[in-house]
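S.K.: Quick one: the structure is below, and I'll ask about it shortly.
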Amino acid sequence: MRRLVAACALATLVASPVAARAQAAPDDAWLGRDKALHFGASAGLAATGHGVSALWLDEPEHRALAGAAVALTAGAAKELWDATGRGDPSWKDAAWDVVGAVVGVALALAVDRLADQL
């Protein structure tokens, strides 16, 4: 679990320069529709990354790291894309990406543990 926290911290540090330059649009609300999309996409990518990595990773913690890496990489790539002028970069979007990744990994780990008990 410490590795997951370290991976999230590293992703945050890598995305910080982009987020620092990101000027939030006046209508960039914390609970806007796009934030739900960021959350949902990140949660789905994290859970899927966790599940797919089970093909070659045995330890649940390693699969959690793989799932988090998939989701956080996609979120960072989207914000970098937006920062090139093709969208509106937002540190709030990045925050929801992190929250979604954490929730997706947590759900995948819960399913993992439930499956082990069956």
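The values are calculated or read from the model by the stated rules, or taken from the named source; none is laboratory data. Here the structure is a predicted model, which is why all the values come from computation and not from measurement. All Cβ positions, glycine included, derive from the backbone under ideal geometry; neighbour counts span all protein chains shown.
S.K.: Assess whether Ser42 counts as being over 24 Å from Lys92 (Cα atoms) and among the small types (Gly, Ala, Ser).
M.R.: no
S.K.: Now for a different question. Sort through Gly49, Gly85 and tell me the only one that's farther than 13 Å from Val98 by Cα, of a type outside the set (Ser, Thr, Tyr) and at pLDDT 95 or above.
M.R.: Exactly one of Gly49, Gly85 is farther than 13 Å from Val98 by Cα, of a type outside the set (Ser, Thr, Tyr) and at pLDDT 95 or above, namely Gly49.
Listed here are the residues, each with its yes/no results for (1) crowded, with 17+ Cβ neighbours inside 10 Å; (2) more than 20 Å from Ala29 (Cα to Cα); (3) under 17 Å from the mean Cα position of the chain (by Cα).
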position: Glu59; (1), (2), (3): no, yes, no
position: Ala68; (1), (2), (3): yes, yes, yes
position: Val99; (1), (2), (3): no, no, yes
position: Leu107; (1), (2), (3): no, yes, yes
position: Ala115; (1), (2), (3): no, yes, no
position: Leu118; (1), (2), (3): no, yes, no
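S.K.: Name the residues in region 83-100 that are in contact with a helix residue (DSSP H, G or I) (Cβ under 9 Å, 6 or more places away or on another chain) and of a type in the set (D, E, K, R), would you?
M.R.: Residues satisfying the conditions are Asp88, Lys92, Asp93, Asp97.
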